[in-house]
Structure formats: structure tokens, C-alpha cells
Amino acid sequence: MGRVISSAEEYRPRPSKRGSRPRTKRRPEHEDALAGVVVSVDRGRLRVVPGRTLAEADPEAALLTCVRASGVRRRSIVPGDRVRVVGDTSGTEGTLARIVSVEERATLLRRSADDTDPTERVVVANADTLVLVTAAIDPAPSWGFLDRALVAALDAGIRPVIAVTKTDLAPAAEVRAHFSDIAAVVVECGYGSSGLPRTSALLPEIAGRETVLLGQSGVGKSTLINELVPGAGRATGAVNEVTGAGRHTSSSAWALPLPSGGWVIDTPGIRSFGLAHVVPDAVVAAFEELAPATADCPRGCTHLADAPGCALDAWVAAGHAGAAGQRRLASLRRLLANLG
């Protein structure tokens, strides 16, 4: 039977093996952290090129293999993100560094699975130009997809460029007409005698910039990347003869340096582009040839086909929206109805 401790005796707790130092929530400042930009994300490993921005990054510098530090473990990190890195930043094979912070993003290209899905999917960060790749034929242009991607780009403050491939098989006139009245440059990248796309018209639009390439599967995006960045080695594939759909060949986004200066971020082929994160007014504003008409609409107008007093029909009928006015108006109304 153990000894009974009387109330008069002092109780002495057993000292903690971890010591008596109180825990603190203060995190290290990492003032000596190296600035870098994420060029790829793959299964928990992030590849980072040293530099404050991609424009300042040295394309010859060794890439750093990084993991997230605990402070940013739940933070979304995508290609184009500007980060701070500590640890072994030599870039030597087999070394590992840690990302301790993510800088504020200047632009953010986002999409959702559909127009009602509240979950945003971040495509890239800090891009200043979007090259939206579409084929003139095989597969035929998907006007809904193109309109959606342009809305997302303009809403994010990203300059849009439309690259039309396979113009050796069909002219780009229909694409030019569809987007003739908006601030989007249209360039032709048809195949030349060498079997590769001509990029001379596209290069001036992306040189020295931080560009993201976006397109559906089968439009020739990976082939275009391989011509822009010799040695990129992006896999290419064919279009399904039955469905007319392309096969996914790029499995992850990757930033690549252009020989002429600047960087281009190739993205996996996307079949859908939801706009759940874009408010209806921003959607209307992206249709630049139609937006002025809404000044004559009644207050609170939904701009749908059955909206009383909507001025869009008269505006298009008068020819103010160009040759593709009816098609663009139908596209706008489909987007607004889906977001409704």
C-alpha cells in the first residue's frame, strides 16, 4: 500500500520531458528566402525557376525541386505562381527545397467544371496573355468553348490572342468573322511544307510575355508548342474519326522558355470551361460588340430572349454587332441562362 500524501505536503509534478519552454505561433520570417516562379506541379513536387517573375528568370538556370512548407501546405499553388524558397537552392540533382510563401497574384485564370459548380479550378497565375488555340477544321471550332475562355480571360485582366491552326486545310475566315468586333488578335498558324505550324505571326504577340496556351484536345496545341520551343517534346495525338474529339496528350501544365524571350505555359487539353466564378455583368462586358446596347435596356434586365424591353435584339438587327452578331448574341444568352 502506497504512502498517502497529506494536504499539508507540497505536490511536485513530474517535469516534462519536452521542457518548459512555451510553444509559439510565430513563424520564421525567412528574410533570406530565394525568389522563384513555379513552372510545374506534379504529385506533390513543384519545379521552380529562380527569379522574381518569369520575365526576369534565367531560362538556363537549374530548376529547383520543392515541396510545400507547413505554412502553405493547404494553399493552392499553380504554374506561374511567384514563391519564396528556402533550403537547398543549388538545383543539384537529388536536392530538395521548401516553398515557404506565395506572393500575391497579379492575374488568375480560373474555370469551374460547369456553370453551377462552386469549386474553382485555377489554371495558371500571373499570365499577361492568353493564346486560345482553335483549329479551322478537324475539329471544327467550338464557339461556346472559345467564348467562355475569352470571358474568363477578359474578366481576369488577361490579354487574349486567338491562334488558328490547320489553316492549310480550311481558311480562318469564319474565326476572324466571329471575333471581328472584339479586342482579340487573330493569327494563323497553319502547317507549312515542313509539316509544322507556321509561328511567325504568333511570336510577336507573345515574345517577352508570360503566356498561357489553352485549347481543346486535338486542335494542335502540343504541336504548336513543339514548334515554339524546340526540344519541348510535348506529346501529340490525332483526332478521333468517329467523335471528332481530340485525345488528351498533355497531362500537366508546364512553363517553358521561348527562344525569343518570355515564357509560355502549356496546359492539358480542356473539354469544358465553366464560368461559375464570373458575375453576369462581367460576362456581358466581355461581349464588347453587344455591351453598349445594354445601356438602353430597362433596369434589372436579364438580357435573355424573353426579357421585356431588352435592347440587344434591335442592336444586332441594326448591324451594330457585325456579321456574327446573331451567333454571338445566342452565345451570350446561353451563358447568362446557364449562370442564372
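Anything in the stretch 169-181 that is surrounded by 21 or more Cβ atoms within 10 Å (Cβ to Cβ) and of a type in the set (A, V, I, L, M)? List them, or say none.
Ala172, Val175
Name the residues in the stretch 64-79 that are surrounded by fewer than 15 Cβ atoms within 10 Å (Cβ to Cβ), part of a loop (DSSP other than H, G, I, E, B) and touching a strand residue (DSSP E or B) at 6+ places or on another chain (Cβ under 8 Å), would you?
Matches in the stretch 64-79: Arg75, Ser76.
Of all residues in the stretch 156-198, which are aromatic (Phe, Trp, Tyr) and more than 18 Å from Leu224 (Cβ to Cβ)?
Correct list: Phe179 only.
Could you check how many residues of the stretch 120-149 are over 16 Å from Gly218 (Cα atoms) and either free of Cβ contacts under 8 Å to residues at least 40 places away in the same chain or buried (at least 23 other Cβ atoms within 10 Å of the Cβ) (or both)?
Of the residues in the stretch 120-149, 10 are over 16 Å from Gly218 (Cα atoms) and either free of Cβ contacts under 8 Å to residues at least 40 places away in the same chain or buried (at least 23 other Cβ atoms within 10 Å of the Cβ) (or both).
Condition first: modelled with pLDDT under 90 and not basic (Lys, Arg). Now tell me which residues in the stretch 181-199 satisfy that.
Listed by number, the residues that qualify are Asp181, Ile182, Ala183, Ala184, Gly190, Tyr191, Gly192, Ser193, Ser194, Gly195, Leu196, Pro197.
Taking the conditions exactly as written (assigned by TED's automatic domain parsing to the domain that holds Thr116, within 30 Å of the chain's Cα centre (by Cα) and not charged (D, E, K, R)), does Gly325 satisfy them or not?
no
Just one of the numbered conditions (1) within 20 Å of the chain's Cα centre (by Cα); (2) exposed (fewer than 15 other Cβ atoms within 10 Å of the Cβ); (3) of a type outside the set (Ser, Thr, Tyr) is not true of Glu29; which one?
(1)
Condition check: touching a residue at least 12 places away in the same chain (Cβ under 8 Å) and assigned by TED's automatic domain parsing to the domain that holds Ala127. Does Ala173 satisfy that?
Taking the combined requirement at face value, the residue does not satisfy it.
Going residue by residue through the stretch 304-317, is there one that turns out to be closer than 22 Å to His277 by Cβ and not hydrophobic (A, V, I, L, M, F, W, C)?
There is no residue in the stretch 304-317 that is closer than 22 Å to His277 by Cβ and not hydrophobic (A, V, I, L, M, F, W, C).
I'd like the full set of residues that are touching a Lys or Arg at 6+ places or on another chain (Cβ under 9 Å) and over 17 Å from Val264 (Cα atoms), limited to the stretch 117-133.
Glu120, Arg121
Any residue that is within 18 Å of Ile182 (Cβ to Cβ), aliphatic (A, V, I, L, M), modelled with pLDDT of 95 or more and outside any helix (DSSP H, G or I) - is there at least one of those in the stretch 280-298?
Yes, because at least one residue in the stretch 280-298 is within 18 Å of Ile182 (Cβ to Cβ), aliphatic (A, V, I, L, M), modelled with pLDDT of 95 or more and outside any helix (DSSP H, G or I).
Is at least one residue of the stretch 161-168 touching an Asp or Glu at 6+ places or on another chain (Cβ under 7 Å) and either on the phi > 0 side of the Ramachandran plot or among the basic types (Lys, Arg) (or both)?
Yes, the stretch 161-168 contains at least one residue that is touching an Asp or Glu at 6+ places or on another chain (Cβ under 7 Å) and either on the phi > 0 side of the Ramachandran plot or among the basic types (Lys, Arg) (or both).
Give the residues of the stretch 32-65 that are under 21 Å from the mean Cα position of the chain (by Cα), over 28 Å from Ala207 (Cβ atoms) and of a type in the set (A, V, I, L, M, F, W, C), sorted by residue number.
Selection gives nothing.
Please give the number of the condition Arg84 fails out of (1) among the basic types (Lys, Arg); (2) part of a loop (DSSP other than H, G, I, E, B); (3) modelled with pLDDT of 90 or more.
(2)
The values are calculated or read from the model by the stated rules, or taken from the named source; none is laboratory data. The structure presented is a predicted model; accordingly, all values stated were derived computationally and were not measured. A quick note on method: Cβ atoms are made from the backbone with ideal geometry, for glycine too, and the neighbour counts reach across all protein chains shown.
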